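The structure appears below as structure tokens.
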Amino acid sequence: MSKSTAAATYSLAGHTVRRMGYGAMQLAGPGVFGPPKDREAAIAVLREAVASGVNHIDTSDFYGPHVTNQIIREALHPYPDDLVIVTKVGAVRGDDASWLPAMEPQDIERGVHDNLRNLGLDAIEIVNLRIMGKVHAPSEGTIARQVEALAGLQRKGLVRHIGLSNATSAQVAEAQGIVEIVCVQNHYNLVQREDDALVDELAAKGIAYVPFFPLGGFTPLQSSVLSEVARKLSATPMQVALAWLLHRSPNILLIPGTSSSGHLRENMQAAQLSLSEAVLEELEGIGRAA
Ligand SMILES: NC(=O)c1ccc[n+]([C@@H]2O[C@H](COP(=O)([O-])OP(=O)(O)OC[C@H]3O[C@@H](n4cnc5c(N)ncnc54)[C@H](OP(=O)(O)O)[C@@H]3O)[C@@H](O)[C@H]2O)c1
């Protein structure tokens, strides 16, 4: 028996967004630093994403730095009315391409202004506070000063909505005591399942969960079970990995990253893939074995 295809849209900060979005990080140069090898190709991928129905794009001014936002602006400005651009602040790049925390309130404010300038916007729809305790895993600690800084920028009209990235459940609760939180962007995929409880908790609260590294990021997902399932469905492993996320919970919004129009098309098609209960159970085994 086939389970119906996961819903195609979700209400994010009052906007109906397609759950298949796009992550722009791969558009900068190697190591997310400097310009891409082929700027025209990067522009073409962005335009094709929007033409294919993507209306939720994830970015940050620390990709490049500045490069990714400048490419988004060149490709898409003036932006379509229904496009929701989500960015993040909380880090800057060192000259050696390192990722450095920038978590003081004045850093947060500078980060918002960098995004506004390079994206060519008067206000940013959603800004995620990227918590820099550990690089790819959340770690506990108060984030009140940083969330208050973003709330101040929201009151000034520079930021419309606020989200968190690399956050724990306790940090979400702390932030919610200060301001409305519309989304959480953490590391999660078929293999990386530490946020299982948080995904469900946020679904119950009506908060979007946006997995980063949905395809494994710099270490692409590899699993014989995933490959075998994909073969049986005449799909690719990456399509099955994305479809699994769409079936996992209705509040999951996808932002797979790609610099290739071929991969973009492949990823977009994953939204059409229905996974049966038996297939979902088989895929669950990958997470249990990890
Ligand atoms: N909040 C955070 O801390 C954080 C951290 C990391 C990322 N992010 C956001 O999350 C988004 C997604 O993460 P990500 O881009 O790092 O990782 P990802 O989406 O898991 O994987 C991207 C990698 O997979 C490749 N790829 C994409 N589609 C493919 C396909 N159909 N078949 C084979 N390979 C494919 C890409 O290479 P090609 O370019 O060759 O397609 C790239 O190397 C980013 O773009 C960024 O916006 C946020």
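FYI, it's all coordinate maths here, none of it is from the lab. Computed from a predicted model, the values in this text were never measured in an experiment. Using ideal geometry, Cβ is built from the backbone for each residue, glycine included, and neighbour counts are taken over all protein chains shown.
The table below lists the values:
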{"quantity": "Computed over segment 119-270, Kirkwood Rh from alpha-carbon pairs, angstrom", "calculated": "16.6 Å"}
{"quantity": "Sequence ranges 166-176, 44-54, ranked by mean other-Cβ count within 10 angstrom, highest first", "calculated": "166-176, 44-54"}
{"quantity": "Mean separation of Cα contacts under 8 Å, 6 or more apart, over the residue count of segment 1-138: relative contact order %", "calculated": "21 percent"}
{"quantity": "C-alpha center-to-center spacing [segment 125-154, segment 167-219] in angstrom", "calculated": "13 Å"}
{"quantity": "Sequence-distant residues sharing a close amide H with residue 187 (under 5 Å, placed H)", "calculated": "166, 212"}
{"quantity": "Sites matching GluC sites (Glu not before Pro) across segment 113-152 that sit in DSSP coil, with at most 14 neighbouring C-beta atoms within 10 Å", "calculated": "140"}
{"quantity": "Segment 77-105 and segment 42-71: distance between their alpha carbon centers, rounded to Å", "calculated": "12 Å"}
{"quantity": "Equivalent-ellipsoid semi-axes of the chain, from the Cα gyration tensor, Å, largest first", "calculated": "29, 22, 18"}
{"quantity": "Fraction of beta bridges assigned by DSSP in the chain that are antiparallel (%, nearest 5)", "calculated": "20 percent"}
{"quantity": "Length gained when the stretch residue 232-residue 194 is fully extended (0.36 nm per residue, less Cα-Cα span)", "calculated": "10.9 nm"}
{"quantity": "Computed over the chain: relative contact order in percent, which uses C-alpha pairs under 8 Å that are six or more apart", "calculated": "21 percent"}
{"quantity": "Where Cα atoms sit under 25 Å apart: lysine pairs in the chain separated by 8 or more or lying on different chains", "calculated": "6"}
